[in-house]
Amino acid sequence: MNTTQGVRPLSTGKIVGLVIVGVLIVLALWIMGTYNSMVGYNENAKTAQANIEVQYQRRFDLIPNLVGAVQGAMKQEQTVFKDLADARTRYSGAATGSPDKVAAMNSVESSLSRLLVIMENYPTLKSIDTVTSLMDQLEGTENRISQYRNDYNEVVNQLNKKVQYFPGNMVAKMFGFVERARFEATKEAATTVPKVELNVK
């Protein structure tokens, strides 16, 4: 008498069911991983954005002091002062991380660059200690802004690729991830950090 019982083979329906379950598990893990990576990039971008905002606020605190220190000697340059004030107002009213915010900051940088170039035509300003001190602080702030913007752009590039590339773009649509605006240098400031030399030529 044969007591050995054979193992009953799985039916085709069960095999198909297991395959489907396996595929669904893999798909769910992929979606979860993609979602988590997008969340990570987005949070890193927010942190980098916050670092930039801190330095922008420092810049905004310095600009009125600088303008006040030189305004008396540069009465004919009122257009630049007004442009700076207008750009600062637009920046304050724009949503964080929006293209409008980036455009407003580019406008600030353009106006600030014009102010610094104009200041080179006023060599007597080099004798004003307040102006020299403010320029040193502004230059340090500009250097930090440049570094933080590079950090921000690197993270944003990674996020934007995830949002654009297939099949990650489907996950992005499912959970509402969108591309973030990059910070790009204005034409006037594309090659150098805003800086002024207060030396007589």
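The table below lists the values:
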read-out	value
Neighbours by Cβ (under 9 Å, 6+ apart or cross-chain): first from region 3-18, at pLDDT 80 or above; second surrounded by 10 or more Cβ atoms within 10 Å (Cβ to Cβ) and assigned to a helix (DSSP H, G or I)	none
Set Glu43, Glu109, Glu77: member being in a helix (DSSP H, G or I), charged (D, E, K, R) and at pLDDT below 80	Glu77
Residue, surrounded by the fewest Cβ atoms within 10 Å (Cβ to Cβ), within region 22-69, restricted to residues that are touching a residue at least 12 places away in the same chain (Cβ under 8 Å) and of a type in the set (Ser, Thr, Tyr)	Ser37
Residues of region 42-65 satisfying the condition of being under 17 Å from Tyr91 (Cβ atoms) and more than 11 Å from the chain's Cα centre (by Cα)	Val54, Gln55, Tyr56, Gln57, Arg58, Arg59, Phe60, Asp61, Leu62, Ile63, Pro64
Subset of region 124-169 [within 30 Å of Tyr41 (Cα to Cα), part of a helix (DSSP H, G or I) and without any contact (Cβ under 8 Å) to a residue 24 or more places away in the chain]	Gly140, Gln147, Asn150, Glu154, Asn160, Lys161, Gln164, Asn169
The lone exception for Asn121 - which of (1) touching a residue at least 60 places away in the same chain (Cβ under 8 Å); (2) not in a helix (DSSP H, G or I) it fails	(1)
Of the criteria (1) exposed (fewer than 14 other Cβ atoms within 10 Å of the Cβ); (2) touching an Asp or Glu at 6+ places or on another chain (Cβ under 8 Å), which one Arg114 fails	(1)
Residue check, Ile145 among the hydrophobic types (A, V, I, L, M, F, W, C), surrounded by 15 or more Cβ atoms within 10 Å (Cβ to Cβ) and closer than 26 Å to Glu179 by Cα	yes
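Quick grid of which residues meet (1) over 30 Å from Glu120 (Cβ atoms); (2) surrounded by 11 or more Cβ atoms within 10 Å (Cβ to Cβ); (3) touching a His at 6+ places or on another chain (Cβ under 9 Å); (4) modelled with pLDDT of 75 or more:
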residue	(1), (2), (3), (4)
Gln164	yes, yes, no, yes
Val171	yes, yes, no, yes
Val193	no, yes, no, no
Asn199	no, no, no, no
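The values are calculated or read from the model by the stated rules, or taken from the named source; none is laboratory data. Every value quoted in this text rests on a predicted model; they were computed, and no experiment measured them. Cβ: placed from backbone, ideal geometry, glycine included. Neighbour counts: every protein chain shown.
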